[in-house]
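The values are calculated or read from the model by the stated rules, or taken from the named source; none is laboratory data. Not measured: the values here are computed from a predicted model. Every residue, glycine among them, receives a Cβ derived from its backbone with ideal geometry; neighbour counts consider all protein chains shown. For accessibility, only protein heavy atoms count, side chains too; no ligands or nucleic acids. Shrake-Rupley method; radii C 1.70, N 1.55, O 1.52, S 1.80 Å.
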Amino acid sequence: MTPQEIQDGLGRFLTREWGKPVEAAELGIASAGARRRNVLFEAVAGETRTPLVATIIPNAAMQALPIEVEAAALRMAEAAGAPAPHVHGVTDD
């Protein structure tokens, strides 16, 4: 997957999730080990720029547990007041 494909896909995903036009900008790819890749970027919606990180699992066969389970654990930790990243959206697409 090329950086442009990642950028376009993030923009499409966030546009659906947030219900308004969103573009991904300022992409930076960071390794997160053998099974995943972190993409640091800014979600641009009009005048608002939101710094985000997308965790991408390039090969579902290498996935240790379903991404929905990991996201649910992060949401529970956040709800309990533990320091945890906010989950803005989840997809296995």
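Do we have A64 as among the aliphatic types (A, V, I, L, M), out of contact with any helix residue (DSSP H, G or I) (no Cβ under 8 Å at 6 or more places or on another chain) and over 21 Å from G19 (Cα atoms) here? Yes.
Once the stretch 1-38 is narrowed to residues that are in contact with a helix residue (DSSP H, G or I) (Cβ under 6 Å, 6 or more places away or on another chain) and not in a loop (DSSP other than H, G, I, E, B), the residue that is surrounded by the most Cβ atoms within 10 Å (Cβ to Cβ) is A24. Filter the stretch 57-85 down to the residues that are at pLDDT 90 or above and open to solvent by 80 Å² or more (accessible area, probe 1.4 Å), then identify the one that is nearest to the chain's Cα centre (by Cα). If we take residues in the stretch 57-85 being at pLDDT 90 or above and open to solvent by 80 Å² or more (accessible area, probe 1.4 Å), then R75 is nearest to the chain's Cα centre (by Cα). Among residues of the stretch 14-36 that are more than 17 Å from D93 (Cα to Cα), those with a beta-carbon under 8 Å from a residue that is open to solvent by less than 100 Å² (accessible area, probe 1.4 Å) and in a loop (DSSP other than H, G, I, E, B) at least six positions away or on a different chain give the pairs K20/G46; P21/G46. Considering the conditions (1) in a strand (DSSP E or B); (2) within 14 Å of the chain's Cα centre (by Cα); (3) not aliphatic (A, V, I, L, M), R49 is excluded by exactly one of them, (2).
Can you name the residue in the stretch 44-56 that is open to solvent by less than 70 Å² (accessible area, probe 1.4 Å) and of a type in the set (S, T, Y) and, of all such residues, is modelled with the highest pLDDT? Steps first, answer last, please.
Filtering the stretch 44-56 for residues open to solvent by less than 70 Å² (accessible area, probe 1.4 Å) gives 44-46, 50, 52, 54-56.
In the following step, the residues that additionally are of a type in the set (S, T, Y) were identified as 50, 55.
Numbers: T50: 95, T55: 84.
Per the criteria, the residue is T50.
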